[in-house]
Amino acid sequence: MKRYNYQILTRCMLIAVLAIFSIAGTTNVSAELPGKGISVQPCYNGIAEEYFQLLIVNKGLEKLGYKVKRAHELEITAMHLAVGQGDADYNANSWIPLHDAFYEKVGGAAKVTRVGTLVEGAVQGYLVDKKTADKHNIETINQFTDPKIAKLFDVDGDGKADLTGCNPGWGCERIIEHHLDAYGLQGTVRHNQGSYFALIADTISRYKAGNSILYYTWSPQWVGGVLVPGKDVKWLTVTHTALPPEQKGANTTLPDGRNLGFSVNSIHVFANNKFLEKNPAAKRFFELVKIPIEDIGLQNFKMREGEKRSRDIERHANEWIVANQAQFDGWIQEAIKAAK
């Protein structure tokens, strides 16, 4: 019996020693995290469909030990300005070249950096319902100079085509207004602006009722999962590229040769330079993190189907990380090395 008790005592002591070493090891690992004790302030454009990618970036910084504050919700112009002034440290929604004017306005390379490439191949353009396009051989937005074509898409009876357009301050509204001038469409097309997602919901309802529709949209986004290009709707091309001066020379042609008239964009983390200088681990993570555009489209469609609460989007981000765990962990390890 004494021998048995001695064995138990020895085993308990061994477990206790291992536990102490385990706790010590955990403490050391935690102490080595480059973001330990540092709070960071993200911001985003307030568009719920673009919050998913910010959450993935935030969760990466949390793994690096940073305390990530609740993101400021700002209009796109204010979002860039906040990072430029240091009121926020970063956002994950800066488009090149769509947001070039915002980048320059807040001080350009002297103040901010668009780090890495978070998303590649973001496109924008005009679409019409396929039934009307096929019946009237509509291929380009330039054909809307014809009053007969424009009248097919007239909603309010003024003879002009009603275009579901882009919110003021987003950047895309500047391109649309430039197109209306450059392509001679001011007399035949009305650019309807307001709350985009309310307007596009009405556009979808009109399509389901059998009416002709003309609208602007972009990807990644859920609209393409409801109004499916090639099946329900058709992308319109342009006869020639016409962009504002700040986007001169931008590529507007897709890999298949179609020219949609809007620049093909990449999406980046947009960060304050002082923050990047003080936080090389965060900078390295920003350089590495990438999200396939298809994954954002699928997540956005889940939101369209009802999973649109904050906790739903949080779950989507967690699920994406688990599905890409090895790659995500690799980014974290590389970021930790950058801080040493």
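Given the conditions (1) surrounded by fewer than 22 Cβ atoms within 10 Å (Cβ to Cβ); (2) hydroxyl-bearing (S, T, Y); (3) touching a Pro at 6+ places or on another chain (Cβ under 9 Å), which single one is not true for T145? T145 satisfies all of (1) surrounded by fewer than 22 Cβ atoms within 10 Å (Cβ to Cβ); (2) hydroxyl-bearing (S, T, Y); (3) touching a Pro at 6+ places or on another chain (Cβ under 9 Å) except (3).
Listed here are the residues, each with its yes/no results for (1) over 20 Å from H80 (Cα atoms); (2) charged (D, E, K, R).
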| site | (1), (2) |
| --- | --- |
| G249 | yes, no |
| G257 | yes, no |
| L260 | yes, no |
| V269 | no, no |
| N273 | no, no |
| A282 | no, no |
| F286 | no, no |
| E294 | yes, yes |
| F301 | yes, no |
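This table checks each residue for (1) without any contact (Cβ under 8 Å) to a residue 12 or more places away in the chain; (2) more than 17 Å from A92 (Cα to Cα); (3) assigned by TED's automatic domain parsing to the domain that holds A109.
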{"position": "G257", "(1), (2), (3)": "yes, yes, no"}
{"position": "A271", "(1), (2), (3)": "no, no, yes"}
{"position": "E277", "(1), (2), (3)": "yes, yes, yes"}
{"position": "V289", "(1), (2), (3)": "no, no, yes"}
{"position": "E307", "(1), (2), (3)": "yes, yes, yes"}
{"position": "A317", "(1), (2), (3)": "no, no, yes"}
{"position": "W320", "(1), (2), (3)": "no, no, yes"}
{"position": "A323", "(1), (2), (3)": "yes, yes, yes"}
{"position": "Q327", "(1), (2), (3)": "yes, yes, yes"}
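How about the range 39-58: which of its residues are surrounded by fewer than 18 Cβ atoms within 10 Å (Cβ to Cβ) and either of a type in the set (S, T, Y) or more than 14 Å from the chain's Cα centre (by Cα) (or both)?
Our first condition is that a residue be surrounded by fewer than 18 Cβ atoms within 10 Å (Cβ to Cβ); within the range 39-58, this holds for 39, 46-48.
Passing the criteria: only S39.
From the set of residues in the range 183-206 that are in a helix (DSSP H, G or I) and among the hydroxyl-bearing types (S, T, Y), which is farthest from N45 (Cα to Cα)? Restricting to residues being in a helix (DSSP H, G or I) and among the hydroxyl-bearing types (S, T, Y), the top hit is S205.
In the range 171-182, which residue that is in a helix (DSSP H, G or I) and in contact (Cβ under 8 Å) with a residue 40 or more places away in the chain is farthest from the chain's Cα centre (by Cα)?
A182
Restricting the range 207-235 to residues that are of a type in the set (K, R) and outside any strand (DSSP E or B) leaves a set whose member that is surrounded by the most Cβ atoms within 10 Å (Cβ to Cβ) is K208. Scanning the range 127-170 for residues that are more than 11 Å from V189 (Cα to Cα), part of a strand (DSSP E or B) and among the charged types (D, E, K, R) yields a total of 1.
Applying the condition of being among the aromatic types (F, W, Y) and not assigned by TED's automatic domain parsing to the domain that holds F275 to the range 5-64 and asking which residue is modelled with the highest pLDDT yields Y6.
Here is a yes/no grid of residues against (1) within 26 Å of V322 (Cα to Cα); (2) within 22 Å of the chain's Cα centre (by Cα):
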| site | (1), (2) |
| --- | --- |
| E246 | no, yes |
| T252 | no, yes |
| R258 | no, no |
| F262 | no, yes |
| F275 | no, yes |
| R284 | yes, yes |
| L288 | yes, yes |
| I293 | yes, yes |
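If you go through the range 293-340 and pick out every residue that is surrounded by 12 or more Cβ atoms within 10 Å (Cβ to Cβ), assigned to a loop (DSSP other than H, G, I, E, B) and of a type outside the set (A, V, I, L, M, F, W, C), you end up with 3. Take the conditions in contact with a helix residue (DSSP H, G or I) (Cβ under 7 Å, 6 or more places away or on another chain) and under 27 Å from H99 (Cβ atoms) and apply them to Q186. Does it pass? Yes, satisfied.
Within the range 71-89, residues that are surrounded by fewer than 16 Cβ atoms within 10 Å (Cβ to Cβ) reach partners that are part of a loop (DSSP other than H, G, I, E, B) and at pLDDT below 95 with beta carbons closer than 8 Å, at six or more positions or on different chains, in the pairs E73/N45; E73/G46; E75/N45; E75/G46; E75/G169. If you check V40, V123, V112, V128 for being closer than 21 Å to D295 by Cβ and touching a strand residue (DSSP E or B) at 6+ places or on another chain (Cβ under 7 Å), only one passes: V123.
The values are calculated or read from the model by the stated rules, or taken from the named source; none is laboratory data. Worth saying up front: this structure is predicted, and the values here are computed from it rather than measured. Neighbour counts are summed over all protein chains in view; Cβ atoms, including those assigned to glycine, are modelled from backbone coordinates with ideal geometry.
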